[in-house]
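Undergrad: One structure, as structure tokens, below. Some questions next.
The values are calculated or read from the model by the stated rules, or taken from the named source; none is laboratory data. Note that the structure is a prediction, hence the values are computed from the model and not measured. Cβ coordinates were reconstructed from backbone atoms using ideal geometry, including for glycine residues, and neighbour counts include every protein chain displayed.
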Ligand SMILES: [Zn+2]
């Protein structure tokens, strides 16, 4: 009997199902070629590392449309590859905060204040973007995406002045310290770094904000 096994590269934040089919084997060899010298781990159903795999990870053959199929991953048709496999330091730092807060939810240590859910829902609305890595960009697209990032950062900043509980305010402030400030991501630099795919720094922050939104959604339902 064959057990489902996956392999993860923690540096490139990508998970691949290991399958004994022609395309599965081709994908496996591609993964070995790309990640053999990286921090790679074999995952089985109950591996503890699953808990560290969040929505920022690329999951090959998942049902998320921006993730590559096995065939796309194995071959050269995955347009997003050069961007998706770049390290995302901001997203990783934000993921650590999200995991820690989720642990306080699970442990029943999160004290919900009256205003938290409504404010979380409002901020989350300003973050509704998660462009796939393979999207081709021009200057106008980069400017629009950069403006959306800055608007989301500004919305987070404003929320710290709203009537939220101490725990939630502390988390919002920690997100703001971890995310870049507007002067760290000048639009001219992001435009210069982009093409044909988005700037890795821009995509990193977008993915980080997606993780923030994921946590805000959980707060809004509490
Ligand atoms: Zn890797």
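Undergrad: Give the residues of the stretch 151-197 that are part of a helix (DSSP H, G or I), farther than 25 Å from residue 100 by Cβ and touching a residue at least 24 places away in the same chain (Cβ under 8 Å), sorted by residue number.
TA: Filtering the stretch 151-197 for residues part of a helix (DSSP H, G or I) gives 151-159, 166-178, 182-184, 187-193.
Now narrow it down to the ones that are farther than 25 Å from residue 100 by Cβ: 151, 182-183, 187-193.
Correct list: 151, 182, 187, 190, 191.
Undergrad: If we scan the stretch 120-127, do we find a residue that is in the same structural domain as residue 93 (by TED's automatic domain parsing), surrounded by fewer than 16 Cβ atoms within 10 Å (Cβ to Cβ) and closer than 23 Å to residue 198 by Cα?
TA: Initially, the stretch 120-127 is screened for residues in the same structural domain as residue 93 (by TED's automatic domain parsing), giving 120-127.
When the remaining residues are screened for being surrounded by fewer than 16 Cβ atoms within 10 Å (Cβ to Cβ), the result is 121-122, 125.
Retained after the next criterion (residues that are closer than 23 Å to residue 198 by Cα): 125.
Within the stretch 120-127, one or more residues are in the same structural domain as residue 93 (by TED's automatic domain parsing), surrounded by fewer than 16 Cβ atoms within 10 Å (Cβ to Cβ) and closer than 23 Å to residue 198 by Cα.
Undergrad: Tally time: how many residues in the stretch 5-51 are within 25 Å of residue 208 (Cα to Cα) and either within 15 Å of the ligand (Cβ to nearest atom) or outside any helix (DSSP H, G or I) (or both)?
TA: Residues meeting the conditions: 22.
Undergrad: What do you reckon, is residue 61 within 16 Å of the chain's Cα centre (by Cα) and not in a helix (DSSP H, G or I)? Break it down into steps so the answer makes sense when it comes.
TA: Numbers: within 16 Å of the chain's Cα centre (by Cα): no; not in a helix (DSSP H, G or I): yes.
Taking the combined requirement at face value, the residue does not satisfy it.
Undergrad: Quick check on my filter: what residues within the stretch 42-67 are exposed (fewer than 14 other Cβ atoms within 10 Å of the Cβ) and either out of contact with any strand residue (DSSP E or B) (no Cβ under 9 Å at 6 or more places or on another chain) or closer than 21 Å to residue 91 by Cβ (or both)? Give the derivation first.
TA: Of the stretch 42-67, the ones exposed (fewer than 14 other Cβ atoms within 10 Å of the Cβ) are 42, 44-46, 48, 50-51, 63-65.
Scanning the stretch 42-67 gives 46, 48, 50, 51, 63, 64, 65.
Undergrad: Which condition breaks for residue 69 when tested against (1) under 24 Å from residue 136 (Cβ atoms); (2) within 16 Å of the ligand (Cβ to nearest atom); (3) out of contact with any helix residue (DSSP H, G or I) (no Cβ under 6 Å at 6 or more places or on another chain)?
TA: Of (1) under 24 Å from residue 136 (Cβ atoms); (2) within 16 Å of the ligand (Cβ to nearest atom); (3) out of contact with any helix residue (DSSP H, G or I) (no Cβ under 6 Å at 6 or more places or on another chain), only one is false for residue 69: (2).
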